[in-house]
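Note sheet for the following structure.
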Amino acid sequence: AGKPVTEAGTRYRESGRTPPGAAVAGDRGRRPFEGPREAGRAQGRDRTLCVYTFVPGQPLNVNRIRPLSPLGDSLAAGIAAIHGLPHGFVDDYGLPHPTIDRLRGAVRGTLERALESRRLPGRLAHRWDEALDADQLWDFGPTGIHGNLDEHALLIAEDRLASVLNWGRLRIGDPAQD
């Protein structure tokens, strides 16, 4: 069961539409993984609670990924499928669609906060500052990104990516964030 964690999530749940993660993962013909499917809804006082089907698999153990392995290939294909989502799909849900300048500005803001903490080594800060100033590094098209990929979001079964969970931060963005 789950409830929305973002305002956009609340909007699409209240609209009665299928949550984007369930729609993406449910499109099994074009995605090399499965995902939870919505099994039902219950209206609470201020939010809608959705119940999802069980998805088999174990959280990813990154130590099991080997070069040129079936698991590595499966993970690459799954992430590529997410990054290949049509922009219109994300736009249909009213999810964020920032420009390159906004993405770059967000990274610059993160760097500034890290500098203010006085915990960021000088050489690393200098390297990130150079990267932010290097226009060629920012010459890419934003793509669909999961936004919350970690070992808990990627379920593995039989040495392949079986399912992707935790779609609450799906948006258009910098694929390097995944």
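In the assembled protein chains, Trp128 presents an accessible area of approximately 120 Å² (probe radius 1.4 Å). For the range 109-164, applying the loop criterion from DSSP together with a ceiling of 11 other beta carbons within 10 Å to the GluC sites (Glu not before Pro) yields Glu158.
Its Cα gyration tensor gives the range 31-178 an equivalent ellipsoid. The semi-axes, each the square root of 5 times an eigenvalue, are 31, 22, 16 Å from largest down.
Solvent-accessible surface of the range 47-178, averaged per residue with a 1.4 angstrom probe and all protein chains in place: 60 square angstrom. How charged is the neighbourhood of Gly173? Take every other residue with its Cβ under 12 Å from the Cβ of Gly173, and add Lys/Arg as +1 and Asp/Glu as -1. Net of charged neighbours comes to +2.
The values are calculated or read from the model by the stated rules, or taken from the named source; none is laboratory data. Since the structure is predicted, the reported quantities are computational estimates derived from the model, not experimental observations. Ideal geometry is used to build each Cβ from the backbone, glycine not excepted, and the neighbour counts take in all protein chains shown. When the accessible area is computed, the model is the full protein with side chains, heavy atoms only, and any ligands, DNA or RNA have been set aside. Shrake-Rupley method; radii C 1.70, N 1.55, O 1.52, S 1.80 Å.
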